Amino acid sequence: MDLIIIRGNSGSGKTTIARALHNELGEDALLLSQDVVRREMLQVHDRPGNLAISLIQQIALYGIKHCKYVIIEGIFNKQKYNNMLQSLISLPEVNAHIYYFDLPFEETVCRHNTKGDTDFGEEKMRSWFVAHDYLGNPQEKMLNEFMNQEKILAKIIRELKKA
């Protein structure tokens, strides 16, 4: 069972890649978005110990049991989400693929500005931005500002096929 974790700062392209990957993998894949759970389902602030952390974990565990692929995407700040992510990564039945968008702040703003309708801007993004928020896991791979959507998607698919 493949667990694909896609992390990074707001505006980096996580959701776009996760949705494209989900479409590519098809019906045996679960897509789990931090924003959907935290902002839409629970309407909680992204604080340590928020209710979304355990719900994301429970939904991911369901997917791990019933699906071939589980894609979880979100900012997943290490300080708040590391314990939950590491508990999923360490499950014996999981083959983890971890990707982190390691982009400069200016690039995240540029990417964010290509979106049509958004409820926040550069000032709010700056308050959330954490540079180089690595999990410290040897499986974590960096995605940089020079990689476009097609290259990133091809890289993830290629690595899933190797597994």
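So which of 114, 108 is surrounded by fewer than 18 Cβ atoms within 10 Å (Cβ to Cβ), modelled with pLDDT under 95 and either part of a loop (DSSP other than H, G, I, E, B) or not basic (Lys, Arg) (or both)?
Criteria check complete, one pass: 114.
Anything in region 66-105 that is surrounded by fewer than 17 Cβ atoms within 10 Å (Cβ to Cβ), under 16 Å from residue 38 (Cα atoms) and of a type in the set (Phe, Trp, Tyr)? List them, or say none.
none
I'm checking my understanding of the structure. Among residues of region 124-136 that are at pLDDT below 95 and buried (at least 16 other Cβ atoms within 10 Å of the Cβ), which one is farthest from residue 76 (Cα to Cα)?
Once the filter is applied, the top-ranked residue is 125.
Could you grab me the full set of residues in region 37-89 that are in a strand (DSSP E or B), under 24 Å from residue 132 (Cα atoms) and touching a His at 6+ places or on another chain (Cβ under 9 Å)?
Answer for region 37-89, where residues must be in a strand (DSSP E or B), under 24 Å from residue 132 (Cα atoms) and touching a His at 6+ places or on another chain (Cβ under 9 Å): just 71.
Yes or no: region 36-57 includes at least one residue that is under 21 Å from residue 157 (Cβ atoms) and of a type outside the set (Gly, Ala, Ser).
no
Looking only at region 137-163, which residues are exposed (fewer than 11 other Cβ atoms within 10 Å of the Cβ) and in contact (Cβ under 8 Å) with a residue 12 or more places away in the chain?
163
Per-residue answers, yes or no, for (1) closer than 23 Å to residue 21 by Cβ; (2) among the small types (Gly, Ala, Ser):
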{"residue": "75", "(1), (2)": "yes, no"}
{"residue": "83", "(1), (2)": "no, no"}
{"residue": "86", "(1), (2)": "yes, no"}
{"residue": "89", "(1), (2)": "yes, no"}
{"residue": "96", "(1), (2)": "yes, yes"}
{"residue": "105", "(1), (2)": "no, no"}
{"residue": "110", "(1), (2)": "yes, no"}
{"residue": "122", "(1), (2)": "no, no"}
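Would you please list the contacts, defined by Cβ atoms under 6 Å and residues six or more apart or on different chains, that run from a residue in region 66-82 that is more than 16 Å from residue 98 (Cα to Cα) to a residue that is part of a loop (DSSP other than H, G, I, E, B)?
From residues that are more than 16 Å from residue 98 (Cα to Cα), the pairs are 80/48.
Which residues, taken from region 16-63, are of a type in the set (Gly, Ala, Ser), surrounded by 16 or more Cβ atoms within 10 Å (Cβ to Cβ) and closer than 24 Å to residue 124 by Cα?
18, 33, 52
The values are calculated or read from the model by the stated rules, or taken from the named source; none is laboratory data. Keep in mind that what you see is a predicted model, and the values were worked out from it rather than measured. In this analysis, Cβ positions are derived from the backbone assuming ideal geometry, glycine residues included, and neighbour counts consider all displayed protein chains.
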